[in-house]
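A.B. asks: My questions will all concern the structure given below.
The values are calculated or read from the model by the stated rules, or taken from the named source; none is laboratory data. Note that the structure is a prediction, hence the values are computed from the model and not measured. Cβ sites come from the backbone with ideal geometry, for glycine too, and all protein chains shown count toward neighbours.
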């Protein structure tokens, strides 16, 4: 019995050493949004703070909200859908999506309004697909 105890202790030590070696080999891979990003964290020292995508989205949304309250209004009349074929209506909806997106990230956004939109038309249907909210 006395010889079994030291053997058991040696195998436990060998298992611990093997787990430690496996852990050291499987170091965490670099997780980056873009390949040229600076790595942040304890082991990756940096002078600059990281600005995350969610922070940028919150900032853009705040500016858009300020534009609604205080910005220059722009009204887009969408009553022209009756004169377009399906493909043109889809392209117009895509262009309006770009207008809303570019306006949102602009330094001084406008207060964009659409009027005379046919709620049962192709334009509105495609606009709902592009901008669900």
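A.B. asks: Right, residue 21: surrounded by 10 or more Cβ atoms within 10 Å (Cβ to Cβ) and at pLDDT 85 or above or not?
C.D. replies: In short, no.
A.B. asks: Which residue, of 99, 76, 90, is at pLDDT 90 or above and part of a strand (DSSP E or B)?
C.D. replies: Residue meeting the stated conditions: 76.
A.B. asks: Hey, does the range 108-116 have a residue that's assigned to a helix (DSSP H, G or I), modelled with pLDDT of 90 or more and more than 25 Å from residue 66 (Cβ to Cβ)?
C.D. replies: no
A.B. asks: Among the residues of the range 77-87, is any touching a residue at least 40 places away in the same chain (Cβ under 8 Å) and in contact with a helix residue (DSSP H, G or I) (Cβ under 6 Å, 6 or more places away or on another chain)?
C.D. replies: Scanning the range 77-87, I find at least one residue that is touching a residue at least 40 places away in the same chain (Cβ under 8 Å) and in contact with a helix residue (DSSP H, G or I) (Cβ under 6 Å, 6 or more places away or on another chain), so the answer is yes.
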